[in-house]
Amino acid sequence: MPAPRRNTLRGVAVTPDSRTLKTIGQLSTVGLSFVFALMMGFGAGFWLDGRLGTKPWLSLLGFAVGLAAGILNVVRTMQSVAAGERSLQRDRHRDPERPEQR
């Protein structure tokens, strides 16, 4: 079985580890979740406007709620990524012999 392929960056072997892949996965969903929250908020407000005849007020309110939810999703994701990075830094300080895998 061949050895895993390693990319080199300035002579340092770089292989993605599970934490790096997890971080990439988390960050790749940020844009989609933000847009989805905006669309859901606006869509719910638009639907309620049609039912209640309050155009455009509930659409605007729904957009604002969706915007707040989207920002909250981004903040939570970034906090999760930052916590993972802090954990990685702690692990590296505990085991200085472990080579950096970035």
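The values are calculated or read from the model by the stated rules, or taken from the named source; none is laboratory data. All values reported here derive from a predicted model rather than from experimental measurement. Please note: Cβ atoms are built from the backbone with ideal geometry, for glycine as well, and neighbour counts cover all protein chains shown.
With respect to Gly53, is the statement that it is at pLDDT 85 or above and on the phi > 0 side of the Ramachandran plot true?
Spelling it out, Gly53 is indeed at pLDDT 85 or above and on the phi > 0 side of the Ramachandran plot.
Taking the stated definitions as given, is Leu88 surrounded by 15 or more Cβ atoms within 10 Å (Cβ to Cβ) and either among the polar types (S, T, N, Q) or modelled with pLDDT under 95 (or both)?
Yes: the conditions hold for Leu88.
Against the condition closer than 17 Å to Gly70 by Cα, exposed (fewer than 11 other Cβ atoms within 10 Å of the Cβ), polar (S, T, N, Q) and within 16 Å of the chain's Cα centre (by Cα), how does Ser33 come out, does it pass? Quick ask: steps written out before the conclusion?
Working: closer than 17 Å to Gly70 by Cα: yes; exposed (fewer than 11 other Cβ atoms within 10 Å of the Cβ): no; polar (S, T, N, Q): yes; within 16 Å of the chain's Cα centre (by Cα): yes.
Judged against the criteria, Ser33 is not a match.
Under 7 Å between Cβ atoms, which residue pairs at least 6 apart in sequence (or on different chains) link something in segment 81-95 that is over 12 Å from Lys22 (Cα atoms) with a partner that is surrounded by 11 or more Cβ atoms within 10 Å (Cβ to Cβ)?
Leu88/Arg19
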